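The values are calculated or read from the model by the stated rules, or taken from the named source; none is laboratory data. What you see is a predicted model, and the numbers here were worked out from it, not measured in a lab. In this analysis, Cβ positions are derived from the backbone assuming ideal geometry, glycine residues included, and neighbour counts consider all displayed protein chains.
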Amino acid sequence: MPERKLRILFTRGLAEQEIRLAKSYGIEVSPKPFTEYVVDADEKRIKQHLSSDTNGFIFTSARAIGAIASVIPATELRDELSSKATFAVGEETASSIRQYGVNPIVPNAHNAAGLATEIISRSDTLHLTYFCSKIRRPDMVQALRASGLAIEEEVVYDTTGIKVDSINPEDYDAITFYSPSAVRSYLNQYELTDNLEIFAIGNTTRTALLESGREVMTPSKPNTSSMLCKIKEYYQLEDEK
């Protein structure tokens, strides 16, 4: 463990409470978003999906909820989501849905594969709508369709890389990634230098990093609190007094 305070590069923005938590662990964080979120939600199509005969909605990102909420009134969104089964991957996604008074079904395994298993185990979810990003892995949809379920994919947002200036990777002890898009954006601009330990929010992002040939660590849950706990455990840090 370095004698100075740890410096960790986060390839996304952080909330104030997350920065405070990092500080309590003795971690100096540097949030540098390498991607930006672009809403691509069609109000008419979304309303058709929400009011259709589908009997389940799927969300794997809080950004999908945010995108829909940008074109659908909160009360209407609450009424439609609460009328059918709503599935979510990860606590961050689930929390964004709970803001509308809807309690989503969240699998114990915090990933799309776990969600597919949860949905397949339920005989009442035969026709689903997946509100998703333009960039997404096909695994979950393929598993659901292979099990005989009908699923429609509705793109509501896109994630694009952005240029980040004036970063020297050798100034940091570790780097965190939250999406394959962030991995691609970073590697298009910088290298994973030998001094950097690498942390990924989940297995999909970890897979995008494996070509580097480096060890990649993941937290127990796909959220920033767990990410900071993983970093704290790895460096054997003690809470600051």
Take the conditions assigned to a strand (DSSP E or B) and crowded, with 21+ Cβ neighbours inside 10 Å and apply them to V183. Does it pass? no
Number of positions in the stretch 82-99 that are closer than 22 Å to Q48 by Cα, modelled with pLDDT under 95 and of a type outside the set (S, T, N, Q): 4
Considering each residue of the stretch 193-226, count those that are touching a strand residue (DSSP E or B) at 6+ places or on another chain (Cβ under 6 Å) and either assigned to a loop (DSSP other than H, G, I, E, B) or not polar (S, T, N, Q) (or both), and give that number. 11
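Does the stretch 179-189 contain any residue that is under 19 Å from E18 (Cβ atoms), out of contact with any Cys (no Cβ under 6 Å at 6 or more places or on another chain) and outside the structural domain of L115 (by TED's automatic domain parsing)?
In the first step, residues of the stretch 179-189 are kept if they are under 19 Å from E18 (Cβ atoms); the result is 179, 182.
Keeping just the survivors that are out of contact with any Cys (no Cβ under 6 Å at 6 or more places or on another chain) gives 179, 182.
Of the ones still in play, those that are also outside the structural domain of L115 (by TED's automatic domain parsing) are 179, 182.
There is at least one residue in the stretch 179-189 that is under 19 Å from E18 (Cβ atoms), out of contact with any Cys (no Cβ under 6 Å at 6 or more places or on another chain) and outside the structural domain of L115 (by TED's automatic domain parsing).
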Taking the condition of being touching a residue at least 12 places away in the same chain (Cβ under 8 Å) and part of a loop (DSSP other than H, G, I, E, B), how many residues in the stretch 116-146 meet it? 8
Specify which of the listed residues (S179, S166, S185) is at pLDDT below 90 and among the hydroxyl-bearing types (S, T, Y). S166
With a cut-off of at least 1 residues that are under 17 Å from the mean Cα position of the chain (by Cα) and buried (at least 21 other Cβ atoms within 10 Å of the Cβ), name the helices (runs of 4 or more DSSP H) lying wholly within the stretch 1-115. 62-69, 91-98
Could you give me the residue pairs with C-beta distances under 7 Å whose first residue belongs to the stretch 168-194 and is under 22 Å from Y234 (Cβ atoms), whose second residue is aromatic (F, W, Y) and assigned to a loop (DSSP other than H, G, I, E, B) wherever it lies, and which are 6+ apart or on separate chains? P169/Y190; A182/F34; Y186/F34
